[in-house]
Amino acid sequence: MNTTPALKAIHITKYFYEPERFQVLKDLSFEVRKGEFLSLTGKSGSGKSTLLYVLSTMDTDYEGELLIGGEKLTGKTQNQLAAFRNEHIGFVFQFHYLLPEFNVLDNVMLPALKLKKKSRAEIKEKAYGHLKLLGLEDQALKPANKLSGGQQQRVAIARALINDPSIIMGDEPTGNLDSRNTSIVFDIFRSLSHSQGQTIITVTHDEDFARNSDRIIDMSDGVITG
Amino acid sequence: MLSTNYKIALVHLTSKLKQTVVAVLGVTFGISMYVFMNSFMTGVNDIQTTLAFTSLAHVRIYNDGPANNTNLVEKVYPTVVSNIRNARVVQYTEGIQNSGAILSLVRKQPEVTGVTPQVNLNVFFRNSGNKVSGVLSGVEVETENKLFNISQYMIAGKWNDLKVQSNGLIIGSGLASLLSVHVDDNINVLTSDGFTKNYKIIGIFQTNVLGVDKSKAYLNINAVRQLLSRNQDFVTDLQINVQDFRETALLVQRIAPVVPYRTESWQMSNQQLEAGSRLRDIIAMAVSLTILLVAGFGIYNIMNMTINEKIKEIAILKAMGFSSKDVTTIFLAQAIVIGMIGGLIGMLLGFIVADVVNHIPFKIGGLNNLPMAYYAHDYIFAFLFGLATTLVAGYLPARKASRIDPVNIIRG
């Protein structure tokens with residue numbers, strides 16, 4: 001495994017102002033290597049989700065510096081960050097958040113159509129490839145909201161992968177799944193990080209899930225405890 | 001990227017078809033009412049204009065009477081105070097003397113479509129004991145008809161008979177009933193100079209302008225000259241029509257300095273007509289813009305609802321890398337589609353409503369049904385206003401959508 005940092009957080013500090021000023025992240029610095037499968041754990045309120053959204057570039061209200069793939073992202077505009085996310089970051093959320101009015105294939109293709117680096121036919125072929133890998137090729141033309149929870153989560157993963165992002169971020173990606181689907185999702189993540197070299201950062205409550213990943217960052221009251 | 005945004009917009013529009021239809025209907029009603037109100041008001045204005053121009057020419061040249069020359073001393077010596085009582089103006093020419101020259105000058109003007117000479121005088125029409133004062137108008141039969149289309153208002157007799165019957169008189173319907181006379185009866189005309197002559201009624205007209213119908217009679221211009229013992233060049237009024245009745249100012253500017261008589265456009269003599277027509281336009285504009293505004297609020301509401309419903313999807317789109325501009329485009333495109341479809345149907349519906357109302361009977365003042373005008377520019381303006389309204393009504397919610405912070409939505 002190589003040691004180039006895929007993501008670097010330097011002195012990340014963040015405050016909440018509602019209902020009163022409260023320091024939720026306290027001067028966090030760490031690196032994530034390329035191809036690493038990282039779990040963020042901790043009790044609720046420990047700041048792990050907050051940290052994930054800072055790392056995801058969606059939350060820009062923090063102090064410190066964030067670099068992904070050597071590129072400094074702190075201080076960029078929202079639209080620059082949106083374009084960056086589109087190309088370099090894939091998201092998997094706890095509640096699958098597919099677009100219910102589109103079919104499965106369109107959902108998967110959407111980020112690539114936005115990126116516009118490939119032709120529609122290429123994107124379609126690739127989306128089918130991902131769906132096949134995740135055992136969903138026969139669901140491709142169904143409306144997204146007609147699928148089961150586990151299937152929807154796999155569609156969300158296929159969508160996160162469509163632009164070959166360097167980092168995949170998950171916010172409790174297995175939080176809503178039964179143990180069988182949890183292990184399917186875990187295996188997908190594992191193989192992505194080990195054979196594709198994609199970096200994975202997930203927030204999870206699931207101790208088994210965390211234990212089996214490459215590295216755990218455990219948080220408590222806004223500081224890293226392990 | 002654009003096509004992706006438009007595809008999302010299209011899916012949003014078609015997945016909640018009911019909402020889309022309601023929004024489209026809002027625009028449709030707004031625009032159809034705009035079209036209808038403006039067509040109706042323009043129709044009313046056109047009718048008003050037509051009625052007014054049955055007895056009114058676009059430009060009139062006449063002798064305005066003598067200038068006020070009662071105190072010549074003050075004119076020559078302005079500093080001298082003088083007082084002259086019971087002044088008599090001796091030199092006073094009646095009517096237009098060199099009408100032939102003026103006629104040919106006027107006919108040469110490019111925008112003039114018709115000109116007719118008249119000899120008008122105030123007379124008494126008498127039928128035994130009945131005396132009614134009115135205006136006797138000596139006219140050139142053909143050119144008069146070309147300008148004022150009088151033959152269309154004849155309810156008895158023929159207009160062209162005036163040409164051949166030198167003692168034939170055509171009188172207004174009101175005047176006929178005041179004098180209790182009918183076609184082929186005789187009446188007596190008494191001029192202010194005391195001449196009297198009997199004429200035979202050969203026709204009756206009804207313009208529905210009450211004042212005209214009750215007081216006016218037409219006679220061949222040569223017969224009037226004869227009655228007044230005037231020569232063949234004598235004329236009191238020259239009535240001129242131009243191509244566009246609104247564009248009289250230039251002609252007046254050109255003619256007035258070279259003609260030694262008063263040259264007056266209809267706007268100068270009838271400002272109340274112009275005012276009425278403008279006021280109706282303003283009312284139509286106010287009503288239809290109000291309707292469009294209400295329709296705009298409808299669209300605003302529906303777009304706002306849509307955005308609240310789709311707030312999670314918007315957050316996801318932004319997380320996936322769609323920029324604020326993309327989100328604005330997605331929702332603004334929906335508003336534009338709603339505006340376009342609503343506009344097109346609205347123009348059609350507006351035309352249908354206008355056509356139906358146009359067929360409603362309305363038998364007052366010579367009308368048979370409610371007036372209506374069909375002008376392309378009313379429809380184009382309606383469409384553009386509708387589109388502008390939807391753009392504004394769609395832009396505000398779209399901007400709100402583009403400002404959604406995905407972190408707040410996704411974290412709950």
Per-peptide average of other Cβ atoms within 10 Å, ordering B:77-88, A:212-223 highest first = A:212-223, B:77-88
Relative pair counts by distance (%), Cα atoms of region A:26-147, 10 Å bins = 10, 34, 33, 20, 3
With respect to the cross-link table entries A:K8/B:K7; A:K72/B:K310; A:K132/B:K400; A:K43/B:K318; A:K43/A:K124, which display a Cα-Cα separation exceeding 30 Å?
-> A:K8/B:K7; A:K72/B:K310; A:K132/B:K400; A:K43/A:K124
Take peptide B:320-331, look around each residue's Cβ out to 10 angstrom, count Cβ atoms belonging to other protein chains, and average those counts.
-> 5
Per residue of chain B, what 222 nm ellipticity follows from adding -39500 (n - 2.57) for every DSSP H run with n ≥ 4, rounded to the nearest 500?
-> -17500 deg cm²/dmol
Pull up all non-local amide H partners of B:A156: gap of 5 or more, or a different chain, and H-to-H distance under 5 Å with H placed in the peptide plane.
-> B:I204
Please report, in Å, the Rg and the Dmax of chain B, where both are computed over Cα atoms only.
-> 32.8, 104
P(r) of the protein assembly as shown in 10 Å steps, Cα pairs, percent per bin?
-> 3, 12, 16, 13, 9, 8, 7, 7, 8, 8, 6, 3, 0
Hydrodynamic radius of region B:203-248 per Kirkwood, over alpha carbon pairs, in Å = 13.5
Could you work out, for region A:56-113, what percent of all Cα-Cα pairs fall into each 10 Å distance bin, beginning at 0 Å and stopping at the bin that holds the largest distance?
-> 18, 45, 28, 9, 0
For region B:49-55, what does the Karplus curve 6.51 cos²θ - 1.76 cosθ + 1.60, with θ = phi - 60°, yield as ³J(HN,Hα) per residue in whole Hz, taken in order and with x for Gly and Pro?
-> 5, 4, 4, 4, 7, 6, 10
Helix B:2-15: angle to the longest alpha-carbon principal axis of chain B, degrees 0 to 90, nearest 10?
-> 90
Over region A:1-70, with a single point scatterer placed on each C-alpha, what log10 of the ratio I(q)/I(0) does the Debye formula yield at q = 0.11, 0.17, 0.26 1/Å?
-> -0.28, -0.63, -1.28
Counting other chain Cβ atoms within 10 Å of each Cβ in A:56-68 and taking the mean gives 2
For region B:346-357, what does the Karplus curve 6.51 cos²θ - 1.76 cosθ + 1.60, with θ = phi - 60°, yield as ³J(HN,Hα) per residue in whole Hz, taken in order and with x for Gly and Pro?
-> x, 4, 5, 4, x, 5, 5, 4, 4, 5, 5, 5
What's log10 of I(q)/I(0) for region B:161-231 at q = 0.13, 0.23, 0.26, 0.28 Å⁻¹, Debye sum over Cα points only, no solvent?
-> -0.36, -1.05, -1.22, -1.30
Taking the Cα atoms of region A:148-202, report the difference between the largest and smallest coordinate on each principal axis, in whole Å and largest first.
-> 27, 18, 16
Rg/Rg_globular for region B:279-412, with Rg_globular taken as 2.2 N^0.38 Å and Rg from C-alpha atoms = 1.45
Once you have the Kirkwood Rh of region B:176-292 from its Cα pairs, apply Stokes-Einstein at 4 °C and 1.567 mPa s and quote D in µm²/s.
-> 69
Residue-wise, which Karplus ³J(HN,Hα) couplings in Hz belong to region B:295-306, taking 6.51 cos²θ - 1.76 cosθ + 1.60, θ = phi - 60°, and x for glycine or proline?
-> 4, x, 4, x, 5, 4, 4, 5, 5, 4, 4, 4
Return the long-range amide H neighbours of B:T207 (sequence gap of 5 or more, or a different chain), with a cut-off of under 5 Å between placed amide H atoms.
-> B:S173, B:D213
Helix B:376-402: inclination vs chain B longest Cα principal axis, degrees, rounded to 10, gives 30
Reference-scaled alpha-carbon Rg (2.2 N^0.38 Å with N residues) for region B:8-82 | 2.81
Given only helices, namely DSSP H runs of n ≥ 4 each adding -39500 (n - 2.57), what is the per-residue ellipticity at 222 nm of chain A, to the nearest 500 deg cm²/dmol?
-> -11000 deg cm²/dmol
So, counting K/R as plus one and D/E as minus one, what does the shell of residues with Cβ under 14 Å around B:V44 add up to?
-> -1
Arrange the peptides B:125-131, B:298-304, A:187-193, A:86-92 so that the one whose residues have, on average, the most other Cβ atoms within 10 Å appears first.
-> A:86-92, B:298-304, A:187-193, B:125-131
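Any read-out appearing in this document is the output of simple, stated calculations on the displayed coordinates, not a laboratory observation. Every value quoted in this text rests on a predicted model; they were computed, and no experiment measured them. Backbone-built Cβ (ideal geometry, glycine too); neighbour counts: all protein chains shown.
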